[in-house]
Amino acid sequence: MKVGCIGLGDIAQKAYLPVLGGLPGVELHLQTRTPATLARVADGLHLPARRRHEDLDSLLAQDLDAAFVHAPTTAHPAIVTRLLEAGVPTYVDKPLAYRLAESERLVTLAEQRGVSLAVGFNRRHAPGYTQCADHPRELILMQKNRVGLPEEPRTMILDDFIHVVDTLRFLVPGPVDDVTVRARLQDGLLHHVVLQLAGEGFTALGVMNRLSGSAEEILEVSGQDTKRQVVNLAEVVDHKGQPTVRRRGDWVPVARQRGIEQAVLAFLDAVRAGAVLSARDALATHELCERVVRAVQERDAGTGAA
């Protein structure tokens, strides 16, 4: 099975290549326009010269069975379009694009061509979070905070807060009939954003603070007299009377803890089986993110801050 990896930045090197590089039966091909990075990463994986590519044309000439796209978000639309038009099942790191119209175009193109398109929402596969899907969920609270990183709203929401948005969508137990957004901006930079989703019998809150005291990710789901908490995707705490703690095993790879290994295997298994994966549900997350961006921009335009 010939698999291409396009873009060899931090997320590819830390999360995806350790998985792809160790899979039996996978002939891995790398592509980046930076020769030094290509040589260093390919040398580390002991890949021969024929599996190293400095341009997309060379990679596509290999008759790929699947491709993973980890290039910068601005490059996603052009790269994914080329892959889909070539009939290559494609897994792309979130988001599909910064603009909703481009994301919609890519999803429609994949459907028209009958080609798999998957978006890398790895938290849907993370063991701690999948355990929360089996827990009572009257109240859902997710925080994903960072230190000293206020950012332009669209970039922050589509590159980072999108994980919070998608996780809430994954976990809400029913249809959402109310969406509320609050945010604080200063000098055009987004300091924090809060998204509330509500429906019959549940409320879900997503929070991102880019001026927090620490970098952290905490998920809590609770029902009557019971709560499950996941801290930094590694520690699961059940609260029902006395809390019980389950920690990630010492030898569990980070890629498995974060759901990346499971997402990669699920995608490749579908490709092998000839199943066509749709990104239509992932598009719904992009649509909700666009709604958050517009709400933040409207508040900023109306009041200077919200």
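The values are calculated or read from the model by the stated rules, or taken from the named source; none is laboratory data. If you're wondering where the values come from, they're calculated on a predicted model, not measured in any experiment. When we count neighbours, we look across all protein chains shown, and the Cβ atoms used for this are built from the backbone with ideal geometry, even at glycine.
Figures for the structure shown
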read-out	value
Total residues in region 131-149, condition buried (at least 19 other Cβ atoms within 10 Å of the Cβ) and either in a strand (DSSP E or B) or not basic (Lys, Arg) (or both)	4
Residue count, region 77-91 (criterion: surrounded by fewer than 17 Cβ atoms within 10 Å (Cβ to Cβ) and in contact with a Ser or Thr (Cβ under 6 Å, 6 or more places away or on another chain))	0
Filter pass, THR285 being among the polar types (S, T, N, Q), in contact with an Asp or Glu (Cβ under 9 Å, 6 or more places away or on another chain) and exposed (fewer than 13 other Cβ atoms within 10 Å of the Cβ)	no
Matching option when the condition is charged (D, E, K, R) and assigned to a loop (DSSP other than H, G, I, E, B), among ASP250, ASP269	ASP250
Boolean, GLU27 is of a type in the set (Asp, Glu), touching a helix residue (DSSP H, G or I) at 6+ places or on another chain (Cβ under 9 Å) and farther than 27 Å from VAL254 by Cβ	no
Residue in region 238-250 that is closer than 22 Å to ASN145 by Cα, of a type in the set (Lys, Arg) and at pLDDT 95 or above present	no
Test: GLU287 is within 16 Å of the chain's Cα centre (by Cα) and under 24 Å from ARG169 (Cα atoms)	yes
Of all residues making up region 216-271, the number that are surrounded by fewer than 20 Cβ atoms within 10 Å (Cβ to Cβ) and on the phi > 0 side of the Ramachandran plot	3
Number of the exception - GLU217 against (1) more than 18 Å from the chain's Cα centre (by Cα); (2) under 13 Å from TYR129 (Cα atoms); (3) not hydrophobic (A, V, I, L, M, F, W, C)	(1)
Extreme residue, nearest to ALA118 (Cα to Cα), among residues of region 80-95 that are part of a loop (DSSP other than H, G, I, E, B) and touching a Lys or Arg at 6+ places or on another chain (Cβ under 9 Å)	VAL88
Positions within region 159-215 being in a loop (DSSP other than H, G, I, E, B), at negative phi and charged (D, E, K, R), in sequence order	ASP177, GLU200, ARG210
Selection status of VAL172, surrounded by 17 or more Cβ atoms within 10 Å (Cβ to Cβ) and under 19 Å from LYS94 (Cα atoms)	no
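A quick yes/no check of all residues on (1) of a type in the set (Ser, Thr, Tyr); (2) buried (at least 18 other Cβ atoms within 10 Å of the Cβ):
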site	(1), (2)
MET1	no, no
ILE11	no, no
TYR16	yes, yes
VAL41	no, yes
GLU54	no, no
LEU60	no, yes
ALA67	no, yes
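Per-residue answers, yes or no, for (1) under 18 Å from VAL293 (Cβ atoms); (2) touching a residue at least 40 places away in the same chain (Cβ under 8 Å); (3) among the hydroxyl-bearing types (Ser, Thr, Tyr):
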site	(1), (2), (3)
LEU185	yes, yes, no
LEU190	yes, yes, no
ALA198	no, no, no
GLY223	no, yes, no
THR226	no, yes, yes
